[in-house]
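Trainee: Here's a structure for you.
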Amino acid sequence: MKIAVLPNLDKRGSAEVVDKLGVILKSEGIEAYLPESIKAADFENLPEDKLYKNADLIITIGGDGTIIRYAKRAALDDKPVLGINAGRVGYLANIEQNELSLLSKLKKKEYFVEKRMMLSVSVCENGRKISEYNALNDAVITSGFISRIIDISVYLGRDSISYRADGLIMSTPTGSTAYSMSAGGPIIDPLTECMCITPICSHSLSAKPILLGADNTVKLKAFSKKRTDIYLTVDGRKVCSVKPYTDIYISKSKQFVKLIRLNDRSFYKTLSNKFRDGRSM
């Protein structure tokens, strides 16, 4: 078995986890790889693109942002990802730093894999696609200035819904515990396939989050009467500015993220623990 380890060394304790992983994986007879920029005992180094192609699975060390970054890349090569939590929230990570003994299950294949849906986000101008992204958590349209509202039209086939708000979140079930939850959206079982529309600070008391079936294609158009800049953010990263009335199409992606589960701790147990510990945000 070959495993690529992708740590976020900015997270406290990540370097120590890398060292422990090297010892554990070597004792299990597993070939372990790190990116060329990171040196550690018991690991070989490979260019990052070869890490994904050569490895049977990926281990990430960090918070949810780290897992999202590497899991989306791993999806291109259909490789499953195991997250070791070194962040605060850790909804996507399956094991904590004190649970590394569970790694012995990997070689025995005593684990199961969850498939998480992603969103395909396409930006089109004059009928031509100019950019495309995959979102594991969410795609967000916001104004470029604090306290500047924008008008957003949401088209579902021949029907449409209009919002005046600070912005709009289109989230996956996985992303329902992220920005959408902070904006008042519902918490959704991550194995469900659907999309959630959550307005951000809507200027209408009747504007509520809406759940849509995963087979829908949603078209968004946004503009500002005050000529405020409008931005599209995907999974927490600002990807582009959007001209007024630009068409943004959002649908279920053809690609899935595969997350490895080594224990039987359910999503609801994790959720309960985070809320109890005050780490939900």
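Trainee: Restricted to region 52-68, and to residues that are part of a loop (DSSP other than H, G, I, E, B) and crowded, with 19+ Cβ neighbours inside 10 Å, which residue is modelled with the lowest pLDDT?
Mentor: GLY63
Trainee: Might you let me know whether region 106-125 holds any residue that is under 18 Å from SER14 (Cβ atoms) and within 20 Å of the chain's Cα centre (by Cα)?
Mentor: Checked region 106-125: no residue is under 18 Å from SER14 (Cβ atoms) and within 20 Å of the chain's Cα centre (by Cα).
Trainee: Taking SER241 as the residue in question, decide whether it is assigned to a strand (DSSP E or B), under 25 Å from LEU57 (Cβ atoms) and small (Gly, Ala, Ser).
Mentor: Spelling it out, it is not the case that SER241 is assigned to a strand (DSSP E or B), under 25 Å from LEU57 (Cβ atoms) and small (Gly, Ala, Ser).
Trainee: Something else: Which condition number in (1) free of Cβ contacts under 8 Å to residues at least 40 places away in the same chain; (2) closer than 20 Å to VAL239 by Cβ; (3) surrounded by 14 or more Cβ atoms within 10 Å (Cβ to Cβ) is the one that ALA93 fails?
Mentor: Here ALA93 meets the rest and fails (2).
Trainee: Would you mention how many residues in region 1-23 are surrounded by 17 or more Cβ atoms within 10 Å (Cβ to Cβ) and farther than 15 Å from GLY83 by Cα?
Mentor: Counting residues in region 1-23 that are surrounded by 17 or more Cβ atoms within 10 Å (Cβ to Cβ) and farther than 15 Å from GLY83 by Cα gives 1.
Trainee: Across region 1-26, what is the total count of residues that are β-branched (Val, Ile, Thr), in contact with a Leu (Cβ under 7 Å, 6 or more places away or on another chain) and part of a helix (DSSP H, G or I)?
Mentor: Total meeting the criteria: 1.
Trainee: Then there's this: If we scan region 69-83, do we find a residue that is hydrophobic (A, V, I, L, M, F, W, C), exposed (fewer than 14 other Cβ atoms within 10 Å of the Cβ), in contact with a Phe, Trp or Tyr (Cβ under 9 Å, 6 or more places away or on another chain) and not in a strand (DSSP E or B)?
Mentor: yes
Trainee: Scan region 218-227 and tell me whether some residue there is among the polar types (S, T, N, Q) and either over 15 Å from ILE141 (Cα atoms) or under 23 Å from the mean Cα position of the chain (by Cα) (or both).
Mentor: no
Trainee: Looking at region 96-132, which of the residues that are among the basic types (Lys, Arg) and part of a loop (DSSP other than H, G, I, E, B) is nearest to LEU82 (Cα to Cα)?
Mentor: LYS109
Trainee: May I ask you to list the residues in region 133-154 that are assigned to a loop (DSSP other than H, G, I, E, B) and closer than 21 Å to ASP64 by Cβ?
Mentor: Selection gives LEU136, ASN137.
Trainee: Where residues in region 40-51 are in contact (Cβ under 8 Å) with a residue 12 or more places away in the chain and within 23 Å of the chain's Cα centre (by Cα), which of them is surrounded by the fewest Cβ atoms within 10 Å (Cβ to Cβ)?
Mentor: GLU48
Conditions tested, residue by residue: (1) hydrophobic (A, V, I, L, M, F, W, C); (2) surrounded by 15 or more Cβ atoms within 10 Å (Cβ to Cβ).
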residue	(1), (2)
ALA178	yes, yes
PRO190	no, yes
ILE200	yes, yes
SER206	no, no
LEU259	yes, yes
LEU262	yes, yes
SER266	no, no
PHE275	yes, no
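The values are calculated or read from the model by the stated rules, or taken from the named source; none is laboratory data. Since we're looking at a predicted model, the values are computed, not measured. Ideal geometry is used to build each Cβ from the backbone, glycine not excepted, and the neighbour counts take in all protein chains shown.
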